[in-house]
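Data block below; observations after.
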């Protein structure tokens with residue numbers, strides 16, 4: 001059964017979820033949920049309706065309400081052990097649910113909310129690593145391409161610089177928000193495995209910036225696509241052509257400075273986090289590909305400025 005938005009059975013009265021009451025209700029609900037995660041046998045069933053109501057009460061719902069509602073809906077699904085295609089199908093359902101719930105949101109928030117989906121895709125890629133899984137890899141790659149297409153579409157939304165670059169005041173620390181998807185004892189790096197420790201540290205130290213997290217999601221989706229291209233046999237001249245077309249497309253659609261800044265920062269690191277997904281020879285190809293991509297990006301930027 002696909003994940004979908006449900007009608008809440010015990011929604012609070014509409015006039016209760018306004019103004020300061022809304023903020024207090026969201027904060028209390030988050031604290032209650034986190035307390036439940038500490039229990040030996042947590043029961044999240046009552047929280048789905050609660051966060052559905054909080055999400056529905058706002059024209060532009062807070063990131064936390066969508067994040068938690070979709071997480072709990074996802075966790076309520078039964079996974080068939082040893083069946084990666086079943087898991088991929090449920091991840092695809094999660095993507096559809098998140099994109100539906102975030103449709104009223106601005107581009108940065110819509111993209112940032114994809115972080116758990118990219119995390120689940122990464123886990124699946126690791127799960128099938130080393131197995132005879134060309135068919136699964138192709139299916140995963142197709143989903144990643146859909147996600148990248150959705151990101152491009154989000155970036156094409158009209159947005160103001162003022163609304164996109166502000167820091168968001170979350171009602172709980174970002175690490176607690178992440179703990180809804182992973183074990184509480186695991187750090188932020190485990191949730192964002194395709195970027196460096198430095199980048200994860202900046203998320204914790206700077207305060208939560210939705211535009212920065214959106215940039216992280218863009219980088220992770222881009223690197224996943226690159227790895228999956230290699231694992232499905234795309235390389236050499238074909239890969240070089242793809243990189244050129246990506247550079248042109250991303251310059252015109254990925255309106256996020258952090259995306260390119262993060263790629264540059266990662267190339268200055270001793271090793272790329274993404275190299276765990278590929279064999280040794282492919283690691284060099286990925287490194288060369290990133291340098292090539294950023295070179296194309298620089299050239300196209302210069303040409304675009306010259307043409308003005």
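The values are calculated or read from the model by the stated rules, or taken from the named source; none is laboratory data. All values derive from a computational prediction rather than experimental measurement. Every residue, glycine as well, gets a Cβ built from its backbone with ideal geometry; the counts of neighbours run over all protein chains shown.
Taking the criterion of being closer than 18 Å to residue 101 by Cβ and loosely packed, with under 12 Cβ neighbours inside 10 Å, the only residue of region 35-59 that qualifies is 59.
State yes or no: is residue 32 without any contact (Cβ under 8 Å) to a residue 60 or more places away in the chain, surrounded by fewer than 18 Cβ atoms within 10 Å (Cβ to Cβ), within 20 Å of the chain's Cα centre (by Cα) and not assigned by TED's automatic domain parsing to the domain that holds residue 209? Spelling it out, it is not the case that residue 32 is without any contact (Cβ under 8 Å) to a residue 60 or more places away in the chain, surrounded by fewer than 18 Cβ atoms within 10 Å (Cβ to Cβ), within 20 Å of the chain's Cα centre (by Cα) and not assigned by TED's automatic domain parsing to the domain that holds residue 209. If you go through region 233-266 and pick out every residue that is exposed (fewer than 13 other Cβ atoms within 10 Å of the Cβ) and modelled with pLDDT of 80 or more, you end up with 2. Looking for something at pLDDT below 90, touching a helix residue (DSSP H, G or I) at 6+ places or on another chain (Cβ under 8 Å) and exposed (fewer than 15 other Cβ atoms within 10 Å of the Cβ) - is there at least one such residue anywhere in region 222-230? No, the conditions are met nowhere in region 222-230.
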